[in-house]
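Comments concern the structure below.
The values are calculated or read from the model by the stated rules, or taken from the named source; none is laboratory data. Everything numeric here is computed off the predicted structure, so don't read it as measured data. Here Cβ is always computed from backbone atoms with ideal geometry, including for glycine, and neighbour counts include all displayed protein chains. With ligands, DNA and RNA removed, areas are computed over all heavy atoms of the protein, side chains included. Shrake-Rupley method; radii C 1.70, N 1.55, O 1.52, S 1.80 Å.
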Amino acid sequence: MTFQNTREFARKLDSQDALNHYQDQFIFPKVNDKRVIYFTGNSLGLQPKRTKSYIDEIMNDWANLAVEGHFYAEKPWWDYQERFPEPLSKIVGALPSEVTVMNTLTVNLHLLMVSFYQPTATRYKIICEEKAFPSDQYMFQSQVNFHGYKPEEAIVEIKRRDGEHNIRLEDVLAKIEEVGDELALVLIGGVNYYTGQVFDIKTITAAGQKAGAKVGWDLAHAAGNIKLELHDWNVDFAAWCSYKYMNSGPGNASGCFVHEKHHTANLPRFAGWWGHNKERRFKMEPNFDPVDGAGGWQISNLPVLSLAPYLASVEMFAEVGMDALIKKRDKITSYLEFILHEIDKEVESSFEIITPSNPEERASQLSVFLHGEGRSLFDYLMKNGVITDWREPNVIRLAPVPLYCSFEDMYDFGQILKKGILGKK
């Protein structure tokens with residue numbers, strides 16, 4: 001398609017967009033009494049209007065039923081989490097038995113490493129990407145320290161080549177082969193939080209397992225954003241947060257995936273009451289008998305007030321479907337890229353998009369170096385109704401989330417960006 005940098009063209013794209021009406025199902029902040037252009041769904045998604053009713057239902061049941069809400073609420077709290085595996089499995093490409101919800105993201109990655117990072121004297125190294133999200137870096141350091149290894153010896157980072165912003169697939173595969181028999185675990189972010197690069201999960205998983213390692217994925221920026229086929233790709237384990245692209249609210253519950261091949265394996269795990277055989281849970285037995293499937297990794301009674309917004313979200317995803325989301329995601333991201341290039345022609349500053357241009361290696365994010373500009377431009381955008389994300393030294397991250405961003409938003413952003421630059425000259 002040949003794009004045009006005009007409001008009329010943007011509105012035409014919106015009129016053809018099958019998901020355009022979903023914007024009305026979200027609550028937008030306002031700046032200067034005008035709905036914002038929201039580009040930070042890769043950090044915290046907007047609140048769906050339906051969310052409040054899901055929370056209110058639990059609050060009302062708690063008020064009217066108290067403890068009996070566990071069994072007699074409209075959605076009994078006792079099995080509330082069992083409403084998730086079916087819709088979540090479609091979002092991440094899994095069997096329902098391979099998916100559960102519990103805790104928060106880094107907590108779940110730690111718990112999964114109990115099962116899948118089992119270092120030996122000769123096989124103890126972890127491969128991750130350079131500049132992984134800090135929480136992952138801290139997790140790796142603490143895990144290898146716990147097992148008696150030095151982080152500088154046990155953690156192997158895949159580097160970007162000099163002058164390049166993204167990590168090449170061939171360099172990932174070469175590093176896996178190089179570490180070889182010393183490799184215990186590959187654990188990478190499926191989408192890099194800084195650049196927006198999408199990694200080839202299928203190919204990297206196969207390579208890591210061929211080397212004799214377990215392979216897991218931090219899908220914080222991937223779940224609800226990219227096409228995932230975790231079961232078919234033979235991924236060992238994965239975890240993701242729910243508050244970015246899946247709009248479940250700040251710091252909310254995390255999803256977990258454990259491949260079915262591990263469900264009956266004699267793996268170590270940290271156990272708790274909620275992972276015990278459901279039919280016998282209230283018999284208060286002394287010995288742990290795990291629930292079949294990923295649910296056997298649950299530990300504590302799940303916080304239904306946190307799960308309620310997540311349930312509202314996954315039911316919306318079930319209505320829309322990942323294929324429709326990805327179709328719009330690719331189109332609106334390409335249109336944003338076009339707008340940036342068009343504005344670049346009209347100003348003295350230059351924009352360098354460090355997110356891969358190949359659609360197979362990117363999703364709903366463009367990370368942009370604003371050469372010749374600084375923090376003051378970001379501040380101008382924020383004061384004029386563009387909610388975006390600033391990363392030092394001069395990068396803004398733009399996430400045109402397909403559920404609630406419009407093509408006209410992309411056009412308006414371009415005009416505000418241009419005005420913010422030209423107005424300072």
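General remarks:
- Count of the stretch 109-133 residues, restricted to those that are part of a loop (DSSP other than H, G, I, E, B) and either open to solvent by less than 30 Å² (accessible area, probe 1.4 Å) or not charged (D, E, K, R) (or both), is 9.
- Which numbered condition Arg375 misses (of (1) surrounded by fewer than 20 Cβ atoms within 10 Å (Cβ to Cβ); (2) closer than 26 Å to Asp14 by Cα; (3) of a type in the set (D, E, K, R)): (2)
- Matching option when the condition is outside any helix (DSSP H, G or I) and of a type outside the set (Asp, Glu), among Phe378, Phe369: Phe369
- Tally of residues being open to solvent by 60 Å² or more (accessible area, probe 1.4 Å) and in contact (Cβ under 8 Å) with a residue 12 or more places away in the chain across the stretch 60-81: 1
- Applying the criterion of being aliphatic (A, V, I, L, M) and within 15 Å of Ala121 (Cα to Cα) to the residues of the stretch 134-163, the residue that is most open to solvent (accessible area, probe 1.4 Å) is Ile155.
- Condition met for Asn103 (under 25 Å from Val258 (Cβ atoms) and touching a Cys at 6+ places or on another chain (Cβ under 8 Å)): no
- Single unsatisfied condition, Asn145 versus (1) touching a helix residue (DSSP H, G or I) at 6+ places or on another chain (Cβ under 9 Å); (2) at negative phi; (3) touching a residue at least 24 places away in the same chain (Cβ under 8 Å): (3)
- Verdict on Ala184 being open to solvent by less than 20 Å² (accessible area, probe 1.4 Å), over 27 Å from Phe28 (Cβ atoms) and over 18 Å from the mean Cα position of the chain (by Cα): yes
- Residue match in the stretch 403-417 (condition: assigned to a helix (DSSP H, G or I) and hydroxyl-bearing (Ser, Thr, Tyr)): yes
- Which numbered condition Gly414 misses (of (1) open to solvent by 10 Å² or more (accessible area, probe 1.4 Å); (2) over 22 Å from the mean Cα position of the chain (by Cα); (3) touching a residue at least 60 places away in the same chain (Cβ under 8 Å)): (1)
- Matching residues, the stretch 154-176, being without any contact (Cβ under 8 Å) to a residue 12 or more places away in the chain, part of a helix (DSSP H, G or I) and more than 19 Å from Arg362 (Cα to Cα): Ala174
- Among the residues of the stretch 21-40, none is identified as in a helix (DSSP H, G or I) and of a type in the set (Val, Ile, Thr).
- Near pairs, Cβ below 7 angstrom, 6+ apart or cross-chain, from the stretch 25-50 (among the hydroxyl-bearing types (Ser, Thr, Tyr)) to any residue that is assigned to a strand (DSSP E or B): Tyr38/Ile387; Thr40/Ile387; Thr40/Asp389; Thr40/Ala399; Ser43/Asp389
Okay, residues lined up against (1) among the aromatic types (Phe, Trp, Tyr); (2) touching a residue at least 60 places away in the same chain (Cβ under 8 Å); (3) in contact with a Leu (Cβ under 6 Å, 6 or more places away or on another chain):
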site: Met322; (1), (2), (3): no, yes, no
site: Lys328; (1), (2), (3): no, yes, yes
site: Lys331; (1), (2), (3): no, yes, no
site: His341; (1), (2), (3): no, no, no
site: Arg391; (1), (2), (3): no, yes, no
site: Val401; (1), (2), (3): no, yes, no
site: Phe407; (1), (2), (3): yes, yes, yes
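- Looking across the stretch 260-284, the residues that are of a type in the set (A, V, I, L, M) and open to solvent by less than 100 Å² (accessible area, probe 1.4 Å) come down to Ala265, Leu267, Ala271.
- Within the stretch 350-372, being open to solvent by 10 Å² or more (accessible area, probe 1.4 Å) and in contact with an Asp or Glu (Cβ under 7 Å, 6 or more places away or on another chain) holds for Ser350, Phe351, Ile353, Pro359, Phe369, His371, Gly372.
- Close pairs (7 angstrom Cβ cut-off, 6 or more residues apart or separate chains): surrounded by fewer than 24 Cβ atoms within 10 Å (Cβ to Cβ) in the stretch 230-259, basic (Lys, Arg) anywhere: Trp233/Lys202
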